[in-house]
Amino acid sequence: MASDAQTTTEYIKHHLQNLTYGQHADGSWGVAHGAAEAKAMGFWAIHLDTMFWSILLGALFLWGFRKAAQRASAQTPNGFLNFVEWIVEFVDDNVRGSFSHKSDLVAPLALTLFVWVLLMNTMDLVPVDWIPQIAHLMGIEYMKVVPTTDPNATFGMALGVFVLTLFYSIKIKGVGGFAAELTMQPFQAKNPILKILFLPANFFLEFVSLISKPISLSLRLFGNLFAGEMIFILIALLFSGGAVLAVAGGVLQWAWAVFHILIVLLQAFIFMTLTIVYLEMAHSHH
């Protein structure tokens with residue numbers, strides 16, 4: 001719940017501040033004690049809470065699915081095994097429907113991204129004050145628990161997908177084929193002079209299209225989850241406004257959480273699907 005010692009603005013800023021580690025102005029290294037200190041740390045600062053929760057949830061995914069694989073048998077699965085099998089079949093069906101080439105990487109990558117992003121998104125359904133309050137009791141000033149509300153995390157994943165897209169584009173098509181893909185379309189001509197004249201325009205359009213892939217992939221996930229987190233924070237402010245507003249806040253929190261489940265699932269699915277589509281494009285000859 002919102003603290004009585006904080007104003008509304010301070011409460012919102014506190015919940016939107018990452019636990020940042022970096023170099024202070026005096027040259028020492030440590031944790032920032034405010035947004036100004038975090039900003040002054042510059043590019044090499046690390047968001048410790050984003051790293052902690054993303055790694056923890058990734059390890060949880062690996063542990064859970066490894067346990068399921070160890071217990072798998074020819075018998076009819078039940079419980080958690082049934083759930084894991086359903087997820088694997090769901091991802092496999094999407095890969096088969098969108099990826100027409102042979103690759104040992106795409107299906108495991110799609111499964112990893114879907115479950116990992118889903119777990120990180122699901123942290124947005126945890127009441128906004130629970131974990132930060134526990135962290136505060138442990139002496140930790142800031143604690144954001146939803147890694148996908150941090151653009152550093154979403155851009156990191158999107159850049160990983162982008163690097164794979166470039167790698168397979170060059171591997172499958174060759175350097176010349178990839179360069180031709182960037183310079184020989186959308187404007188085409190049989191006349192050699194016109195081809196040369198079209199090169200700058202084609203490269204500009206295709207380069208913008210290429211760069212827009214990781215940017216849109218990361219910003220879509222970040223924007224939707226950040227907006228959801230902000231609404232939860234605003235609803236939480238109602239709990240400090242008296243009994244009537246607290247009841248209204250409880251109803252609104254429940255209603256938004258139910259609706260937000262759709263966003264949590266949808267954004268994980270979109271991130272996975274676009275990754276498959278981008279890798280399909282990288283494997284395809286134009």
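The numbers here are math on the coordinates, done by the rules we state, and not lab data. No experiment lies behind these values; they were computed from the predicted model shown. We place every Cβ from the backbone using ideal geometry, glycine too, and count neighbours over all the protein chains shown.
Return the residues of segment 12-53 that are out of contact with any Ser or Thr (no Cβ under 8 Å at 6 or more places or on another chain) and among the charged types (D, E, K, R); say none if nothing qualifies.
Lys13, Asp26, Lys39, Asp49
Of all residues in segment 226-256, how many are of a type outside the set (Val, Ile, Thr) and under 19 Å from the mean Cα position of the chain (by Cα)?
6
Does segment 65-87 contain at least one residue that is within 17 Å of Leu109 (Cα to Cα), of a type in the set (D, E, K, R) and surrounded by 13 or more Cβ atoms within 10 Å (Cβ to Cβ)?
yes
Would you call Ala36 surrounded by fewer than 13 Cβ atoms within 10 Å (Cβ to Cβ), more than 22 Å from Ser218 (Cα to Cα), out of contact with any His (no Cβ under 8 Å at 6 or more places or on another chain) and small (Gly, Ala, Ser)?
Yes; evaluated as a whole, the condition is true for this residue.
Out of all the residues in segment 191-206, which are assigned to a helix (DSSP H, G or I) and either more than 33 Å from the chain's Cα centre (by Cα) or over 14 Å from Ala179 (Cβ atoms) (or both)?
Pro192, Ile193, Leu194, Lys195, Ile196, Leu197, Phe198, Leu199, Pro200, Ala201, Phe204, Leu205
Could you please let me know if Ala153 is of a type in the set (A, V, I, L, M, F, W, C), in contact with a strand residue (DSSP E or B) (Cβ under 9 Å, 6 or more places away or on another chain) and either more than 30 Å from Thr20 (Cα to Cα) or surrounded by 14 or more Cβ atoms within 10 Å (Cβ to Cβ) (or both)?
Taking the combined requirement at face value, the residue satisfies it.
The rows are residues; the columns are (1) in contact (Cβ under 8 Å) with a residue 60 or more places away in the chain; (2) under 28 Å from Leu219 (Cβ atoms).
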position: Leu81; (1), (2): no, no
position: Val88; (1), (2): no, no
position: Ser103; (1), (2): yes, yes
position: Leu118; (1), (2): yes, yes
position: Ile170; (1), (2): no, yes
position: Val175; (1), (2): no, no
position: Leu182; (1), (2): no, yes
position: Gln188; (1), (2): no, no
